[in-house]
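Below: one structure, written as structure tokens.
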Amino acid sequence: MQALQTNGHNYTFYDYKFSKTTVRYVVMSDTKAVFMLLLPCGTEDKVNDTFEKVIVNDGGYPNHLDWYAGSLVHLHLAHHTTPMPDATFKLSETTKALKFDRQETGAGEDCQWIKTYVVADEGYGVCHTLTHYGDENGFEVSCEFVNNTGKTVLLEMITSASLDNMSPFMTDDGSESLSLHTFKGGWATEGKHIARTLPEINMEKSWGGSFESEKIGVIGSKSVGRYHPYIALEDYKNKCTWGMKIKHNASWQAELSRYGTPLSLSIGLADYKFGAWRKEVKDGETFTAPTAYVAVATGGIDEVSNDLLEMNNRDIDAYGEEGMPIIFNDWVTHWGDTSEKKLLSLADSLKNTKVKYFVVDDGWQTGSVGDWELDKTKFPNGFKAYTDEIRKRGFIPGMWMEFECIRESANRFNEKYDDCNLTKDGYVYKNALCNAVPTKFLDLRNPKAVEHLDNVLVKFMKDNGIGYLKVDYNANIGLGCDGAESLGEGLRQQMLAVRDFFKYMKEQIPDLIIENCASGGARLDPMMMGVTAMSSFSDAHECIEVPIVAANMHYLISPRQSQVWCVLKDDFDNAHTKYIISSGFLGRLCWSGYIDKLSDAQMNMIYDAEAMYEKVCHIIKDGRSTIYRTDFINNRNPQGTQAVVRYSRDKSEVLVVYHTFNNAKTLEIDLDGKYDVVDTLYDSNSVVSADKLIINDDDRTGNVMLLKRI
């Protein structure tokens, strides 16, 4: 791989061309500062490359356009100063001292990489590695801090990825052309997409230059809180969008900052200001920030989101689950009041379905979370006898567990076990669940705690023939824990140990399928998704929000990993049943509810849905989605019509999943070519006319359509 080198009057840039993206490294001639641009191929000549300080008057009014070189990594050492102490560590003295040293390129199995080394006169530096795999449209970024100062330094911030001088095509402050995209989280309301212009977030440039930061992020051991770990910037005028995600399962932050006229978009660990994180790095040692995914796309948020999601396929494929099997989970059937007798009756009701995984949720155990002893009054013959019966019926038995936590009423909450638990400021940590139950946390950095889980969990699964594990997580460690030089670093180490235990379970039971759940979708980050087969998309079990949240997920996690609740009850009318069943086609189909009470007609609707699911699951597994809505969604009182249009990889087929809410409206969608409707799950007035899809249906219903290119 060879760079195309170009010299300007105050810079040199190096271009590396990939299939859809040119990666440009710009090195300033005077300061040797270096920053990275991602450019859609064909737009290289549109870059505004004046790269200098410009001051103008606008009709007699001052309008200073001050340009400062950015950096391909931002970091801060505790003994240095920062220009924005109240808001951000970006462009601190630590970053400004970095100078371009050299670049190296190379290739591995199915990948190419570019290493850029920046060093400061003081002796510290960063190795910035950008890696491209196969035919992906995005890049992995890794930043390794290196300390050769001759002393121990305290690192208080380091970005995983940073794109500076945004947008590279603009000649002004971007207030007329740029929008920031974020995705809001919340219990049972995951994934709401919010797009705001720079004026709407008060990020226009001021008259004399600006020093501002719009920061989002999450604190604690749930990686999805008020935000999902994803941020994007769109240039509407130039039809271009940049996006980035972080592969990390604890506190993180993302920033859109302005230093002068240009903007900087970054993502990384929550820093010392935000997440109480700092790291001692001794002389001669290194620290590597979590990996980030970055991409640029011609088009909008749908294109860049799909590009980033396709980068997760390597981890998903490596996990090794075959196909797209259907799941049954008894939670919304029994709500914890379960038993062997009830479960086997349900299994008999499902004998003619295509369900593969039959999962008993919370309720199989006695006591409280943390004890993990079988309730023998519910399973009088033992759990192995029960799972044998499930396997005889053709299913793989699954179970639920929340193994990282210990609730107050558990025997293991006793202080005699506290040597295995997390502490904060020297005290055993007793955080609270959403229902205010005090909770302790196993310290999975402690071999004794891991040994305990090996006995009560791994051995239990092996002894009882468990093939599917739903791992729940309803608490949150919060700011951090003891055991390292800062609370934030303690949290980072603890959550890496959690990740490692997930990997350990899979190593011990290679055929085990693990589901990632955290109060629904509170751990939908690339790290946890990478060590599990699928994730519970939400705790939106049987509410009207189900298809709304499930659709939101199409820009955040791969649909092949998004397990969607399809809760059916005998008192549902046809429209309600269609609404719920259609939701399951937005990801992995998971039945629950009163299956054993359904009428023959309702069971036939299950059989028909499963037959249709088999026809389209290859598109769910490998496709690209766009979400269409007639109205901005109020989750509790949705209005209008919604459709998710998912093209197969070669665009020969299209899966359409649509839902109507109150006051349904006609939704017209331009298709990428001419298609015919070849199958629908239910009769519908919705039609395709040449290259236009016209959705028209009654209020509060749903449907699934399969289109093929003419």
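The residues in the stretch 118-133 that are surrounded by fewer than 19 Cβ atoms within 10 Å (Cβ to Cβ) and touching a residue at least 40 places away in the same chain (Cβ under 8 Å) can be counted, and the count is 1. Of everything in the stretch 97-117 that is surrounded by fewer than 18 Cβ atoms within 10 Å (Cβ to Cβ) and either within 21 Å of Thr149 (Cα to Cα) or β-branched (Val, Ile, Thr) (or both), the residue that is nearest to the chain's Cα centre (by Cα) is Thr105.
Among the residues of the stretch 255-271, is there at least one that is touching a residue at least 60 places away in the same chain (Cβ under 8 Å), more than 19 Å from Leu163 (Cα to Cα) and open to solvent by less than 20 Å² (accessible area, probe 1.4 Å)? There is no residue in the stretch 255-271 that is touching a residue at least 60 places away in the same chain (Cβ under 8 Å), more than 19 Å from Leu163 (Cα to Cα) and open to solvent by less than 20 Å² (accessible area, probe 1.4 Å). Scanning the stretch 41-60 for residues that are at pLDDT 75 or above, part of a loop (DSSP other than H, G, I, E, B) and not charged (D, E, K, R) returns Cys41, Gly42, Thr43, Val47, Asn48, Gly59, Gly60. Contact map, the stretch 570-581: first residue over 12 Å from Leu681 (Cβ atoms), second residue part of a helix (DSSP H, G or I) and open to solvent by 50 Å² or more (accessible area, probe 1.4 Å), Cβ cut-off under 6 Å, separation 6 or more or different chains; pairs are Asp570/Lys597. Of the residues making up the stretch 647-678, those that are open to solvent by less than 40 Å² (accessible area, probe 1.4 Å) and either acidic (Asp, Glu) or at pLDDT below 95 (or both) number 1.
Of all residues in the stretch 644-669, those satisfying the criterion of being under 24 Å from the mean Cα position of the chain (by Cα) and of a type in the set (A, V, I, L, M, F, W, C) are Val644, Val645, Leu655, Val656, Val657. Residues that are open to solvent by 30 Å² or more (accessible area, probe 1.4 Å) and not in a loop (DSSP other than H, G, I, E, B) within the stretch 141-164 comprise Ser142, Glu144, Val146, Leu154, listed in sequence order.
Yes or no, residue by residue, for (1) open to solvent by less than 20 Å² (accessible area, probe 1.4 Å); (2) touching a strand residue (DSSP E or B) at 6+ places or on another chain (Cβ under 7 Å); (3) within 14 Å of Arg393 (Cα to Cα):
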| position | (1), (2), (3) |
| --- | --- |
| Asn306 | yes, yes, no |
| Asn313 | no, no, no |
| Asp317 | no, no, no |
| Met324 | no, yes, no |
| Gly336 | yes, no, no |
| Ser345 | no, no, yes |
| Lys351 | no, no, yes |
| Tyr357 | yes, yes, yes |
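Is it the case that Leu568 is open to solvent by less than 10 Å² (accessible area, probe 1.4 Å) and either closer than 20 Å to Asp525 by Cα or charged (D, E, K, R) (or both)? Considered against the rule, which asks whether it is open to solvent by less than 10 Å² (accessible area, probe 1.4 Å) and either closer than 20 Å to Asp525 by Cα or charged (D, E, K, R) (or both), Leu568 comes out as no.
Screening the stretch 482-538 for residues that are acidic (Asp, Glu) and within 20 Å of the chain's Cα centre (by Cα) and picking the one that is surrounded by the fewest Cβ atoms within 10 Å (Cβ to Cβ) gives Asp500.
Within the stretch 425-444, the set of residues being among the aliphatic types (A, V, I, L, M), part of a loop (DSSP other than H, G, I, E, B) and over 18 Å from Gly483 (Cβ atoms) comprises Leu433, Ala436, Val437.
Please go through the stretch 539-562 and pick out each residue that is of a type outside the set (A, V, I, L, M, F, W, C) and either open to solvent by 10 Å² or more (accessible area, probe 1.4 Å) or within 13 Å of the chain's Cα centre (by Cα) (or both). Don't jump to the end; show me each part of the working.
Going through the stretch 539-562, the residues of a type outside the set (A, V, I, L, M, F, W, C) turn out to be 539, 541-542, 545, 547, 552, 554-555, 558-562.
Within the stretch 539-562, Asp539, His541, Glu542, Glu545, Asn552, His554, Tyr555, Ser558, Pro559, Arg560, Gln561, Ser562 meet the criteria.
Let's see how each residue does on (1) aromatic (Phe, Trp, Tyr); (2) part of a loop (DSSP other than H, G, I, E, B):
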position	(1), (2)
Pro62	no, no
Ala69	no, yes
His80	no, yes
Trp113	yes, no
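Looking only at the stretch 70-90, count how many residues are of a type outside the set (S, T, N, Q) and buried (at least 24 other Cβ atoms within 10 Å of the Cβ). Number satisfying all stated conditions: 9. Of all residues in the stretch 400-424, those that are open to solvent by 30 Å² or more (accessible area, probe 1.4 Å) and part of a loop (DSSP other than H, G, I, E, B) total 3. Looking only at the stretch 445-466, decide whether some residue is under 24 Å from Cys590 (Cβ atoms), assigned to a loop (DSSP other than H, G, I, E, B), open to solvent by 10 Å² or more (accessible area, probe 1.4 Å) and not hydrophobic (A, V, I, L, M, F, W, C). Yes, the stretch 445-466 has at least one match. Only one entry of Asn57, Asn10 meets the criterion of being without any contact (Cβ under 8 Å) to a residue 24 or more places away in the chain and surrounded by fewer than 16 Cβ atoms within 10 Å (Cβ to Cβ), and that entry is Asn57. Considering each of Val56, Val119, Val126 in turn, give the residue that is under 25 Å from Pro168 (Cβ atoms) and touching an Asp or Glu at 6+ places or on another chain (Cβ under 8 Å). Checking each option against the conditions leaves just Val126. Test Ile231 against the criterion of being without any contact (Cβ under 8 Å) to a residue 60 or more places away in the chain and open to solvent by less than 20 Å² (accessible area, probe 1.4 Å), and give yes or no. The answer is yes for Ile231. Taking the criterion of being among the β-branched types (Val, Ile, Thr) and surrounded by fewer than 22 Cβ atoms within 10 Å (Cβ to Cβ), the residues of the stretch 359-389 that qualify are Thr366, Thr377. Among the residues making up the stretch 639-678, those that are under 14 Å from Asn703 (Cα atoms) and among the aromatic types (Phe, Trp, Tyr) are Tyr658, Phe661. Within the stretch 602-632, the residues that satisfy the criterion of being of a type in the set (A, V, I, L, M) and either assigned to a strand (DSSP E or B) or touching a Lys or Arg at 6+ places or on another chain (Cβ under 7 Å) (or both) are Ile619, Ile620, Ile627. Output the residues belonging to the stretch 425-444 that are open to solvent by 50 Å² or more (accessible area, probe 1.4 Å), within 19 Å of Asp472 (Cα to Cα) and of a type outside the set (Gly, Ala, Ser). Within the stretch 425-444, Lys430, Cys434, Asn435 meet the criteria.
The values are calculated or read from the model by the stated rules, or taken from the named source; none is laboratory data. Bear in mind that the values here come from a model prediction, so they are computed numbers and not experimental data. Because the Cβ atoms are built from the backbone with ideal geometry, glycine has one as well, and the counts that use them run over all protein chains shown. Only protein heavy atoms, including side chains, enter the accessible area calculation; ligands, DNA and RNA are left aside. Shrake-Rupley method; radii C 1.70, N 1.55, O 1.52, S 1.80 Å.
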